[in-house]
Each structure stands twice: as structure tokens, then as C-alpha cells.
Amino acid sequence: EAVTDTAFTPTGRLLASTSLDHSVLVWDVESGRELMRMPPGFGHELPVRCVAASPQDNVICTGGDDAFVRVWDLRSKQLIRKLISHTRSINTCAFSADGSCIITGSEDCSARLWDLNGGLVHAFE
């Protein structure tokens, strides 16, 4: 299905992509080889709309129509956090410069600031 977003990790070695088929994929840029696939049912249960890479190079976050933010560890290939607060699709996500926070924007007409260690910090409505 259609690819909805892409993001390079800071080193440029890896590329993450999201899709309408609910999947999140991670690719090796040099070889073009798929390294990791978070298939439907394992992560998002509806289309995935956005992806962002942490400055630490080993973490990505994703958001989509299920209104959840998911944070993935690329080393362990595991979901490490599921952030819940939005009530509609998440269309955009980004990490802070130090990688400690994520900002998300949603069709619920709000942006949310998340601390990766403590959860929701602030809702901008």
C-alpha cells in the first residue's frame, strides 16, 4: 500500500517508512535491504501516518489513525512505549533535539508534548 512517511536516522544508515497497510519498515540505505518490519497487529492496527527518528539513532516513533504514538527500539526490534492521549489520527511526530521528548500533531486539533521517561507533559489545544 501507499507509503505515508519516511525518516532517516541521524547517521543516514537507516531509513524508516510507514504505510497505509499499518506497517512500519526499517531499511538499510546502502544495500536497500529491509532490516525490520513491524507488521499489522504487532504495532498499529490502522494506517500509520508519520515516523520520526531520534537523534540517538536507535529509536523511532510512529503515529497513525489508531491515535496512539508508538516508540520502537531499533536494536532490539521491540515496541518500548505506547503513548495514549490523542482522540483522533496522528498526522505528524518529531523528536526534540536531545531525543528526550516527542511532539505529535493530531486531527483532534491538538499537539501533545511527551517526555519519553514520564509520558504526557502538555497538551496544546
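The values are calculated or read from the model by the stated rules, or taken from the named source; none is laboratory data. Since we're looking at a predicted model, the values are computed, not measured. Glycine also receives a Cβ, built like all others from the backbone with ideal geometry; neighbour counts cover every protein chain displayed. Side chains are part of the model used for accessible areas, which takes the heavy atoms of the whole protein and leaves out ligands, DNA and RNA. Shrake-Rupley method; radii C 1.70, N 1.55, O 1.52, S 1.80 Å.
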Whose amide H sits under 5 Å from the amide H of T4, counting only residues 5 or more places off or on another chain, with H placed in the peptide plane? T18, S19, L20
How much accessible area per residue does the range 2-117 have, in Å², with a 1.4 Å probe? 47
Computed over the chain, the distribution of all Cα-Cα distances in 5 Å bins, rounded to whole %, is 2, 12, 24, 26, 21, 11, 3, 1, 0
Using a 10 angstrom cutoff on alpha carbons, build the Gaussian network for the chain and name the most mobile of G63, G99, G43. G99
Using the Karplus curve 6.51 cos²θ - 1.76 cosθ + 1.60 with θ = phi - 60°, what ³J(HN,Hα) values do you get for each residue of the range 93-99, in whole Hz, with x for Gly and Pro? 8, 7, 8, 5, 4, 8, x
For the range 1-67, what does the convex hull of the Cα positions come to per residue, in cubic angstrom? 72
Taking R0 as 30 Å, what FRET efficiency do you get between L113 and E30 from their Cβ-Cβ distance, rounded to the nearest 0.05? 0.30
Quick one: order C61, C109 from most to least accessible surface, probe 1.4 Å. C109, C61
Please compute the contact order of the chain in relative form: average sequence separation of alpha-carbon pairs under 8 Å and at least six residues apart, divided by the residue count, as a percent. 16
About its Cα centre, the chain carries a charge dipole, from +1 on Lys and Arg Cβ atoms and -1 on Asp and Glu Cβ atoms, whose size in debye to the nearest 20 is 280
Expressed as a whole percentage, what fraction of the accessible surface of the range 30-125 belongs to carbon and sulfur atoms when a 1.4 Å probe is rolled over the protein heavy atoms? 50
1/(1 + (r/R0)^6) with r = Cβ-Cβ of V121 and E1, R0 = 25 Å, i.e. FRET efficiency to nearest 0.05, evaluates to 0.15
Which is farthest toward the positive dipole end of the range 1-109 among I80, T6, G43, measuring Cα position about the Cα centre, with Cβ charges +1 (Lys, Arg) and -1 (Asp, Glu)? I80
